[in-house]
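Asker: This is the structure I want to talk about, given as structure tokens.
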Amino acid sequence: MAATFAEVLSKLGVTLLSGGATDVLTPVSPVNGLPTQALPVHSPAELDHMIASAQSAFHRLRVTPAPVRGEVIRRLGLLLRTHKADLAALVTWESGKIYQESLGEVQEMIDVCDFAVGLSRQLCGLTITSERPMHRMMEQWHPLGPLAIISAFNFPVAVWAWNATLAVVCGNPVIWKPSPQTPYCALACQHLLTQAATGLGEAFENVSQVCIGGVHLAEALADDRRVPLVSATGSTQMGRAVGERVARRLGRSLLELGGNNALIVTESANFSLAVRAIVFSAVGTAGQRCTSLRRLFVHQSRLGELQAALVQAYTSLCVGDPFDAHFHVGPLVSHAAADSFRETMQRAIAQGGELLCGGKPVKGVGSGAYLEPGLMFMPQQTDIMHHECFAPLLYMCPFLDLEAAIAAQNAVPQGLSSAIFTDKLQEAELFMSALGSDCGIANVNIGTSGAEIGGAFGGEKDTGGGRESGSDAWKNYMRRATNTINYGSQLPLAQGIEFPKL
């Protein structure tokens, strides 16, 4: 029996906010379709105070040695290990994803903590050869300033960890505006980070703050010149609005937006691997990952057997209580999302599609939005397939020529994740080359979802161009300074310029 929402909050030590606020937020759990616990929304004045507090924190944090900044993240990682089960339960209550996936999301937080702690001793610049004698050039990376994090419901804790852990070791405090759907996940993470900072001194006071509210707070963060970087995760529509507002003040934005991801199955593909990857990529998190598989291009010679295998797999999926290990798929986040799912299926049918299976409501699991994942055959890619439906709906199209399949994959506005299943080296290399996938993630013989934290995560085009998590994504949170040092007694000019001596 799963712990109740209130029991999970109690285990995590989250104190319910109270006060005389007239503006409150009442999230609804996708698990049962019922309200969880109302909490007050922060006012613009309170957000202004948070930003001022973050500025003060930045002045202290930027002169704190990076390995000391890494210590608070090391402690956070230990606390996450201790509270992994309870935080995962809270993620399931607020986002609706199955508990096994929620455990994986918290593990992702732990992994990125480990990465960030190591990074705290490796914030390296370059030494550059100078063209002038007795000169040396080098690059340094300095803390940037207070960072705003705007996160979505589908990964309510991992995305914050990607940003916050790297931002803090780089010397920047963070202000987090979580999705209104998942505010208590944010408060739980904030509580754990506050615990981690206990005893480390005033340098870590207000190193992280949470603001609860809606669009008006996101707009205020995007407009405020005291916040040099806004990292936003969500729809392309939301990211475009944030990016435009930040750009008007010449600030920086880090955008992780829509996906609409594709997978290509060639003649030589390993059949069993492909089926498993397709199903998880398409139905994991009820199709509500930015890396969820939306479009499947199958070589005509493999179409019949793959279609039969996928129909069999889809009809064997168990949809229900996300806390019950028997079920593969939990609910959609809301009934509005379910309505969009059904409307998109009808539009696809009107454009020549055939619903092979799924798409029906699941009965007997309470008042949440539980639906069967949908599998649809499309004779060719049509307009509806250019628009991402954030639900477990997979379009299946045939192809004869690999170059044509790659072109169809790249023809949509989004460019996040992509994959090919092939046992031919030439096909794999073509797919990953400049002539191949135009996405930020291009995989061979694995699915489109399930990225590891060691690689930079993000995509191109309408996906926003941002990169988070591993590799050198830490540079987003810092400013670069190029230094030239003259250790000689002369003053030669660059490019050989001669200037009359004064």
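Asker: Calculate how many DSSP beta bridges within the chain are antiparallel, expressed in % of all such bridges and rounded to the nearest 5.
Answerer: Details: 23 of 62 bridges.
Around 35 percent antiparallel, to the nearest 5.
Asker: Taking amide H positions as placed 1.01 Å from N in the peptide plane, with prolines and chain starts having none, which residues 5 or more places from Leu293, or on another chain, fall under 5 Å of its amide H?
Answerer: Ala282
Asker: Taking amide H positions as placed in the peptide plane 1.01 Å from N, state which residues far from Val298 in sequence (5 or more) or on other chains have amide H under 5 Å from it.
Answerer: Those qualifying (amide H under 5 Å, at least 5 residues apart or on another chain) are Val265, Cys397, Phe399.
Asker: Classify segment 39-86 as rounded, prolate or oblate from the Cα gyration tensor: take a ≥ b ≥ c as the square roots of its eigenvalues, call it rounded if a/c is under 1.5, otherwise prolate when a/b beats b/c and oblate if not.
Answerer: Values: a/c = 7.09, a/b = 1.21, b/c = 5.86.
Because a/c hits 1.5 or more and a/b fails to exceed b/c, segment 39-86 counts as oblate.
Asker: Per residue of segment 437-448, what does 6.51 cos²θ - 1.76 cosθ + 1.60 with θ = phi - 60° give for ³J(HN,Hα)? Whole Hz please, x for Gly and Pro, Karplus curve as stated.
Answerer: 4, 9, 8, x, 10, 10, 10, 10, 6, 9, x, 8
Asker: Right, something else. Using only the alpha carbons, work out the radius of gyration and Dmax of segment 112-159 in angstrom.
Answerer: Computed over the Cα atoms of segment 112-159, radius of gyration and Dmax are 17.8, 56 Å.
Asker: Taking the square root of 5 times each eigenvalue of the Cα gyration tensor, what semi-axes in Å does the equivalent ellipsoid of segment 259-329 have, largest first? Before the final figure, lay out the partial values.
Answerer: Details: eigenvalues 108, 44, 14 Å².
The equivalent ellipsoid of segment 259-329 has semi-axes of 23, 15, 9 Å.
Asker: Then there is this: If contacts are Cα pairs under 8 angstrom and at least 6 residues apart, what is the relative contact order of the chain in percent? Write down the numbers at each step before the final one.
Answerer: Numbers: 1086 pairs, mean separation 88.9, N = 502.
It rounds to 18 percent for the chain.
Asker: Which value, in Å² rounded to 10, gives the accessible area of Glu202 with a 1.4 Å probe and all protein chains present?
Answerer: Number for this one is 130 Å².
Asker: If you place +1 on the Cβ of every Lys and Arg, -1 on the Cβ of every Asp and Glu, and leave all else neutral, what size is the dipole of segment 108-213 about its Cα centre, to the nearest 20 Debye? Could you put the intermediate results ahead of the total?
Answerer: Details: 4 positive and 7 negative charges, 40 e Å.
Roughly 200 debye for segment 108-213.
Asker: If I ignore ligands, DNA and RNA and count only protein heavy atoms, how much of Val112 is accessible to a 1.4 Å probe, in Å² to the nearest 10?
Answerer: Accessible area of Val112: about 0 Å².
Asker: Across segment 367-383, in residue order, what do the Karplus-derived ³J(HN,Hα) couplings come to in whole Hz, using 6.51 cos²θ - 1.76 cosθ + 1.60 with θ = phi - 60° and x for Gly and Pro?
Answerer: Per-residue couplings from phi come out as 9, x, 8, 9, 9, 6, x, x, 10, 10, 8, 10, x, 7, 6, 10, 4 Hz.
Asker: Among Thr127, Gly353, Pro379, which residue has its Cα positioned farthest towards the positive end of the charge dipole of the chain, with +1 placed on the Cβ of Lys and Arg, -1 on the Cβ of Asp and Glu, and the dipole taken about the Cα centre?
Answerer: Projecting each Cα onto the dipole axis, the largest value belongs to Thr127.
Asker: Same structure again: Could you report the accessible area of Lys11 in Å², rounded to 10, computed with a 1.4 Å probe on the protein chains as they sit in the structure?
Answerer: Counting only protein heavy atoms, Lys11 exposes about 110 Å² to solvent.
Asker: Apply the a/c threshold of 1.5 to the C-alpha gyration tensor of the chain and tell me whether it is rounded, prolate or oblate.
Answerer: oblate
Asker: Determine the order of Leu16, Leu371 by accessible area, beginning with the largest, at a probe radius of 1.4 Å. Each step should come with its number before you reach the end.
Answerer: Details: Leu16 75, Leu371 10 Å².
Sorted by accessible area, descending: Leu16, Leu371.
Asker: To one decimal place, what orientation-averaged projected area in nm² is obtained for the convex hull of the Cα set of segment 46-191?
Answerer: Numbers: hull surface 41.8 nm².
Approximately 10.4 nm², given one-decimal rounding.
Asker: Identify the trypsin sites (Lys or Arg not before Pro) of segment 407-472 meeting these criteria: DSSP loop state and at most 14 other C-beta atoms within 10 Å of the C-beta.
Answerer: On the way: sites: Lys424, Lys461, Arg467; in loops: Lys424, Arg467.
When the trypsin sites (Lys or Arg not before Pro) of segment 407-472 are filtered for loop state and at most 14 Cβ neighbours within 10 Å, Lys424 remain.
Asker: Give me the net charge for the shell around Gly488: Cβ to Cβ below 12 angstrom, other residues only, Lys and Arg +1, Asp and Glu -1.
Answerer: Details: positive: Arg132, Arg136; negative: none.
Charge balance near Gly488 sits at +2.
Asker: Using the alpha carbon gyration tensor of segment 343-389, what are the three equivalent-ellipsoid semi-axes (square root of 5 times each eigenvalue), largest first, in whole Å? Mind showing how you got there, number by number?
Answerer: Numbers: eigenvalues 116, 24, 11 Å².
After scaling each eigenvalue by five and taking roots: 24, 11, 7 Å.
Asker: Size of segment 276-376 along its principal axes in angstrom, Cα-based, largest extent first?
Answerer: Dimensions of segment 276-376 along the principal axes of its Cα atoms: 42, 31, 25 Å.
Asker: Each residue of segment 63-76 in turn: what ³J(HN,Hα) in whole Hz from Karplus with 6.51, -1.76, 1.60 and θ = phi - 60°, glycine and Pro shown as x?
Answerer: Result, ordered by residue: 9, 7, x, 4, x, 6, 4, x, 5, 5, 6, 4, 5, 4 Hz.
Asker: Check each of the GluC sites (Glu not before Pro) in segment 443-477 and keep only those in coil by DSSP with at most 16 other C-beta atoms within 10 angstrom; list them in order.
Answerer: Working: sites: Glu452, Glu460, Glu468; in loops: Glu452.
Within segment 443-477, the qualifying GluC sites (Glu not before Pro) (loop, at most 16 other Cβ atoms within 10 Å) are Glu452.
Asker: Cα centroids of segment 329-388 and segment 41-105: how far apart, whole angstrom?
Answerer: Here the answer is 34 Å between Cα centres.
The values are calculated or read from the model by the stated rules, or taken from the named source; none is laboratory data. Keep in mind that what you see is a predicted model, and the values were worked out from it rather than measured. Cβ: placed from backbone, ideal geometry, glycine included. Neighbour counts: every protein chain shown. Keep in mind that these areas ignore ligands, DNA and RNA; they rest on the heavy atoms of the full protein, side chains included. Shrake-Rupley method; radii C 1.70, N 1.55, O 1.52, S 1.80 Å.
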